[in-house]
1. Quick one: in the range 142-157, of everything that is surrounded by fewer than 19 Cβ atoms within 10 Å (Cβ to Cβ) and not in a strand (DSSP E or B), which residue is farthest from the chain's Cα centre (by Cα)?
2. Phe119 fails exactly one of the following numbered conditions: (1) modelled with pLDDT of 95 or more; (2) surrounded by fewer than 17 Cβ atoms within 10 Å (Cβ to Cβ); (3) of a type outside the set (Lys, Arg). What is the number of that condition?
3. Is at least one residue of the range 209-230 assigned to a loop (DSSP other than H, G, I, E, B) and closer than 18 Å to Gly144 by Cα?
4. When both residues are 6+ apart or on different chains and their Cβ atoms are under 6 Å apart, which pairs have a first residue that lies in the range 236-253 and is at pLDDT 95 or above, and a second that is in a loop (DSSP other than H, G, I, E, B)?
5. Within the range 127-141, is even one residue in contact (Cβ under 8 Å) with a residue 60 or more places away in the chain and crowded, with 18+ Cβ neighbours inside 10 Å?
6. Within the range 37-51, which residues are surrounded by 15 or more Cβ atoms within 10 Å (Cβ to Cβ) and either among the hydroxyl-bearing types (Ser, Thr, Tyr) or modelled with pLDDT under 90 (or both)?
7. Given the criteria surrounded by 19 or more Cβ atoms within 10 Å (Cβ to Cβ), small (Gly, Ala, Ser), in contact (Cβ under 8 Å) with a residue 24 or more places away in the chain and in contact with a strand residue (DSSP E or B) (Cβ under 9 Å, 6 or more places away or on another chain), does Ser107 qualify?
8. Kindly indicate which of Leu234, Leu214, Leu190 is touching a helix residue (DSSP H, G or I) at 6+ places or on another chain (Cβ under 6 Å), surrounded by fewer than 18 Cβ atoms within 10 Å (Cβ to Cβ) and within 23 Å of Arg133 (Cβ to Cβ).
Amino acid sequence: MEKSIPLFKSNDMEGIYVSACQIEQSCECKQEILLQLSNFPTNIEEMKIARYLLNQLFKCVFESTDFSAGIFNPQMIQLLFDENKTNIPLQIHSHVANLSIDKRDFSKFALNHLISRGFIANVSLASYIEQCRNNLFEILINRGNRFSNVRYSDASSIFYNLIIEHIETSRDLSKMVKEITFSNVRGDILKNKRTENIEKEIGFNNLRSVKYQLSNKYNPKMKFSVYIKEFSRLRFDVEIRELTERCIYPVTM
């Protein structure tokens, strides 16, 4: 191969040439499959093996997947399935998916190659990388058909501010994720004018919580519940949930 493109990518895999993919079957007869592959395919045969593996994974539905140690390289997926004449869906299906995102490729993998009922991602470093931030926000507003529930942990308040603004001002909320959680959030949050049914509480150590409803200015029937709870003076959790039955059409001029 003229250019070395890794099959797997990880935070600490620089210079590693052999990688492994572990698959567990959860049943009475527990079975584990450990696939050891060249991380840098050097010939057509190794490329065919990598493509076959990914093709099989794309056809499966997993109870859970954990990509905290590494991901399949989106660039390699694109290369292996460049023509994709059979129109194979290039996504891994999982009921729950975990991922730690601190590089652009990791957020790109989540955006384009995951489908999960519950998606959990640590985004502590991604909050400060613009392309990661854009991809993660794109998941929230345009991947509701792939993710039912999304949780971003160790998030910057920028995600909260962006999604609240989107709920208030977007003309099309039909593709947005229905349940969003930001945990261990840091940073300042913007005040908004369209809050209603506000409920406030002061708990232990004078830590505050607030719950309110938020509506869209173009379609006031579109309502979301927002719950913010402090667990320290500098950190808080946020839960955002759609209250309206999903029958949404874009608002036209």
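The values are calculated or read from the model by the stated rules, or taken from the named source; none is laboratory data. No experiment lies behind these values; they were computed from the predicted model shown. Reconstructed Cβ throughout: ideal geometry from the backbone, glycine too, with neighbour counts over all protein chains shown.
1. Only one residue tops the list, namely Ser157.
2. (2)
3. Within the range 209-230, one or more residues are assigned to a loop (DSSP other than H, G, I, E, B) and closer than 18 Å to Gly144 by Cα.
4. Glu242/Lys178
5. Within the range 127-141, the subset in contact (Cβ under 8 Å) with a residue 60 or more places away in the chain is none.
Scanning the range 127-141 turns up no residue that is in contact (Cβ under 8 Å) with a residue 60 or more places away in the chain and crowded, with 18+ Cβ neighbours inside 10 Å.
6. Across the range 37-51, the qualifying residues are Leu37, Ser38, Asn39, Phe40, Pro41.
7. For Ser107, the condition - surrounded by 19 or more Cβ atoms within 10 Å (Cβ to Cβ), small (Gly, Ala, Ser), in contact (Cβ under 8 Å) with a residue 24 or more places away in the chain and in contact with a strand residue (DSSP E or B) (Cβ under 9 Å, 6 or more places away or on another chain) - is met.
8. On the way: Leu234 fails: touching a helix residue (DSSP H, G or I) at 6+ places or on another chain (Cβ under 6 Å); Leu214 fails: surrounded by fewer than 18 Cβ atoms within 10 Å (Cβ to Cβ).
Exactly one of Leu234, Leu214, Leu190 is touching a helix residue (DSSP H, G or I) at 6+ places or on another chain (Cβ under 6 Å), surrounded by fewer than 18 Cβ atoms within 10 Å (Cβ to Cβ) and within 23 Å of Arg133 (Cβ to Cβ), namely Leu190.
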